[in-house]
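To keep things clear, I will list the structure first and then write my remarks on it.
The values are calculated or read from the model by the stated rules, or taken from the named source; none is laboratory data. Predicted, not measured: the structure shown is a model, and the values here were computed from it. We work out accessible area using only protein heavy atoms, side chains counted, and drop any ligands, DNA or RNA first. Shrake-Rupley method; radii C 1.70, N 1.55, O 1.52, S 1.80 Å.
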Amino acid sequence: MMRPLTFTMTLGALVGVCVLSNHAFAEDAKVLAPASTRFANAEIDETPDFQKHMSPLLGKLGCNGRSCHGSFQGRGGFRLSLFGYDFKMDREGLIERIDTDAPTDSYLVQKAINVEPHEGGKRMEVGSWEYNLFMKWIGNGAPAVGETPTKLLRLEVTPSEIQFTDADQLQQLKAVAVWEDGMSEDVTCLCRFQSNDDAVCGIDGEGLVTSGDPGDSHVVVFYDNAVVPVPVIRPVTDRIGEKYPKVAATTEVDRLVVEKLSKLGVIPSEQCTDAEFLRRVCLDLTATLPTAAEAEAFLADTNADKRARKVDELLSSEAYAAWWTTRLCDWTGCSDQQLQNVNPVNRNSGSAEWYAWIFKRVQENMPYDKLMEGIVVADSRHADESYRDYCERMTDAYRDDSKSFADQDGLMYFWGRRNFISTEDRAIGFAYTFMGTRIQCAQCHKHPFDVWTQADFQQFEKFFARVRFSRNGDAKEYRAILKEIGIEGKPNNNDLRKAIEKAVKDGKTVPFPELAITAPKNQGKNAPAAKTAKLLGEQEVDVDNIEDPRTALMDWLRNSPTKLFAKAFVNRVWSNYMGRGIVEPTDDLSLANPPSNAGLLNHLTDGFIANGYDMKWLHREIVLSDTYQRSWQPNETNAMDERNFSRAVVRRLPAEAAYDALTMATLNDQKAAEYISVTTGRAIRDTSPPRNNASNGRNYALAVFGRSIRESACDCDRSMEASLLQTLYTRNDRDVEVMLTDRNGWLTQIFRNQKAQDEQAERLLAQAEAQVERFEKTVEVAKKKGNEAQIAKAESALAAARDKVKELTPSSESVSKDFSADEVISQAYLRTLSRLPSADERTAASEYLASAAQPADGVKDLVWALINTKEFMLNH
């Protein structure tokens, strides 16, 4: 039984959405009827266009898919370009299998209708519009695409958003191609379609969308080089429209989030408590647990602006700069494993200098685009500086303790990594780092989820061809400087290292690696025309006539209409705070993987750019929103929401934050205060994963908790997954035992004071007991004399002395009178969970401490239990 075409609520049902620009249908535009209608008539007098009709039809029929003739090996000796990006290659392959004089006898057609055995089965019926289209193209001479393919201006898809109200509702999509030559055609029948979540919405080969489970996702339409996502929403409750309650939206971030939630019938959670906010924002913004004193002060503060003031305080802290330097080192690939011999003076300092360079700029709040520019266009020599001058300057800098690699203008090490040498690796890594985009698919074929072709990738590579990182610098001068320090021939690395170290101590100049831009090849009189490179589907650049092609890349990052440069950073920062990106995964910003809230991403991106790429502006805009400050506790409408930011999503602490939190929770008060203000020696200041994956000491813990391995440019190098090893570490590892009992630990602080108090009490008790003995003798003497007055006086003094002994004698059934169990319990909770215990928790802890054989053992067990709770290891 056929289902009726149910009416659905649609936004923009009469308005088109475009890929490359924001245009609606022109009211008087003439749209050519779909090929499925025109070619239903076998007698039609029209020659199909290979680009507009044949190539997309091959894709529609599955012929150029990766499991068929689009695979690298092809099928049955016949290969097509994957997804039809190479019109010339595809037509040449088809020509060998067709007969323009007798189209129906064409081997290609016989295969497609399964007259000739075909592994892919029957792909079309004789007499169908697809069959007729093939016949017309073959019969009219199988015309090729012109030397320059027609440009698709945009693909207009309607409706631009689908809002279903129930299961099994239907909505037909319509796609109109608008070409540069002025032609507009309904190409719905030639499009490919996919659903990004089949549970929420299905879509068939004709563009008919079917609603499924409540929730939201996208269906994606593919045609030519266009990729158009269409949001699909089915409310999870009936609280939509007039039934949706009024929800305060303090900021534009909140307005945009609530706007999306109102379509879903999802009501956001209430605001989190002060204790939750403090712990959350300290860990998110600085990867640092608040101290017990800090938590007490914040909870006692009654000023309405205390959250904003705390954010400003954190943004000015050293821990903020340290943590966000670590994140930037993740994304830029700082790894000692990849930095071999970049510094001849100290072979193992590459990652430390990389970290210091970024740290200095984050601490100064250098605009993000300026910071990245120092990496993208990094150079070695100053203007008009010779190689020898450069080496003298660098050698002098390493002799002068007041100078630092961080003072260098650029971070040339980025270009000196072992996994960043070939132009292919550089193109892929550059896109990951600065654009949050995966372009490696286009290395071999058209990108399946974006507009880039293999030709685009190859053109993009050319920007990196002239960038050379040479460990031997200027070869001639390099050898000359080596000769001056007594090195000739080809010394082994150990001898070279020793000679360079000695030369620096002796005040001699040593040679340094160099990052240089080589001259274009063949620049003589009869040189060929200059090479051009292309900025990923955008404008071409004459790279042979630019002193440094990377300057064009940096200009493009700032000015590209896609704004991927800013979006990538915004999305990664948002993910740090919310547990997932607006686009997820965070390094997959592609047209077929659209944002869950496009308006939100655009607002933050535009604001970030308008505010001069001010990183602190972005942090404030996010963490001061109601959206960030929502409780983690769900209500009846948002328990299943993890993509629309209606509540805080509980997530495990990053590796560095987890390790530092364990350390912080167990330090004494003085050391904890130092730990929060001086980050040297902390895990968040670790500059790189260890060489050769060494996993001893702290490195083992950081590996267990998923520190970024920085082996590739992928954000997936960092793991946020929970594991059994993490539990075993916090429960059983020797490191944790040492933290608990360390001489600089909180337990030592408590019981060092307690020991002194106990020793003083023992002295007082001994004195009181001595007095009792003296007064007993005094009473005995007075009784022998029979002096009643002396007896009464002595007995009174003896009674007072005995009362004093009783007062000073500790009870065997409880801890010392001077040990405040209640205060210790409060401090234990504040230093681990940043909150005071509930009444039940306090009672349970008190009973446990009272039952402990020794107070120190009881407190140690209490702290151990708290750091092994989910509440401690998760950010909520």
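Assorted remarks:
- With the whole protein complex present, MET124 retains an accessible surface near 10 Å², based on a 1.4 Å probe.
- Straight-line cross-link reach from LYS122 at under 18 Å between alpha-carbon atoms covers these lysines, not counting any fewer than eight positions away in the same chain: LYS60, LYS111.
- Heavy-atom accessible area order for THR210, THR288, largest first, 1.4 Å probe: THR210, THR288
- Entries of LYS567/LYS616; LYS306/LYS860; LYS370/LYS508 with Cα pairs more than 23 Å apart: LYS306/LYS860; LYS370/LYS508
- Distance between the C-alpha centres of segment 486-516 and segment 289-320: 50 Å, rounded to the whole angstrom.
- In segment 236-293, the alpha-carbon atoms span a convex hull of 111 Å³ per residue.
- Probe 1.4 Å, all protein chains present, accessible-area order of THR843, THR250, largest first: THR250, THR843
- Segment 214-264: C-alpha gyration tensor shape, a/c 1.5 cut-off, then a/b vs b/c: oblate
- In the chain, the longest principal axis of the Cα atoms and the axis of helix 788-808 are about 10 degrees apart.
- Angle in degrees between helix 493-505 and the longest Cα principal axis of the chain, rounded to the nearest 10: 60
- Per-residue HN-Hα couplings for segment 677-686 [Karplus 6.51, -1.76, 1.60; θ = phi - 60°; Hz; x = Gly/Pro]: 9, 10, 9, 4, x, 7, 5, 6, 9, 5
- Rolling a 1.4 Å probe over the protein chains gives TRP632 an accessible area of about 90 Å².
- The angle separating the long axis of helix 855-867 from the principal Cα axis of greatest extent in the chain is about 10 degrees.
- Overall form of segment 214-352 per C-alpha gyration tensor (a/c, 1.5; a/b vs b/c): oblate
- Rounded accessible area of TYR432 (nearest 10 Å², 1.4 Å probe): 20
- Where both bridge residues fall in the chain, DSSP classifies roughly 95% of the beta bridges as antiparallel.
- Solvent exposure ordering (accessible area, 1.4 Å, most first) of ARG630, ARG558, ARG418: ARG418, ARG558, ARG630
- Sum of -39500 (n - 2.57) over DSSP H runs of 4+, divided by residues of the chain (222 nm, nearest 500): -13000 deg cm²/dmol
- Hydrodynamic radius (Kirkwood) for the chain, which is based on Cα pairs only, to one decimal in Å: 32.6
- Accessible surface, the chain, averaged per residue in Å² (probe 1.4 Å): 46
- Cross-link partners for LYS502 among the lysines, with Cα-Cα distance under 27 Å and sequence neighbours closer than 8 places in the same chain left out: LYS403, LYS476, LYS483, LYS490.
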